[in-house]
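Taking it in order: structure first as structure tokens, then the write-up.
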């Protein structure tokens, strides 16, 4: 199925995932982009307030993006995203956690200046293998309409 603006409606729920967190990937991401000790080293993490090695929140959002691409974005008419809002990291993510989630459309409106495309807004939840919500965020994306691709 090719997802286009006309595919989205308020209340639509899209399941994303699963994705298993790999320790080496989690650490490599942190080494490059978020090199805080509790993301990099077990011993240093034990000495931190958190007390254990956990994934960077930015890694979690990168996994979220990957799960969205696999679920629908790579088969869509997406043009661009003007951004995300209200990102929350609620619970830590650890190596071997299995993440999945749900994207719920909260709105879909045609662009006023370019009626061949529309803006879709969504609320998203990312959870782990025991159904604990680990992160939430709101997204916006612009898609071409069915008749314009």
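Each reported figure results from applying straightforward, stated rules to the coordinates on display, with no laboratory input. Quick caveat: nothing in here was measured; it's all calculated off a predicted structure. No Cβ is skipped: glycine too gets one built from the backbone with ideal geometry, and neighbour counts run over all protein chains shown.
Quick notes
- Any hit, the stretch 59-78, residues being surrounded by 14 or more Cβ atoms within 10 Å (Cβ to Cβ), more than 17 Å from the chain's Cα centre (by Cα) and either in a strand (DSSP E or B) or touching a residue at least 60 places away in the same chain (Cβ under 8 Å) (or both): yes
- If you go through the stretch 26-53 and pick out every residue that is surrounded by fewer than 17 Cβ atoms within 10 Å (Cβ to Cβ) and touching a residue at least 12 places away in the same chain (Cβ under 8 Å), you end up with 6.
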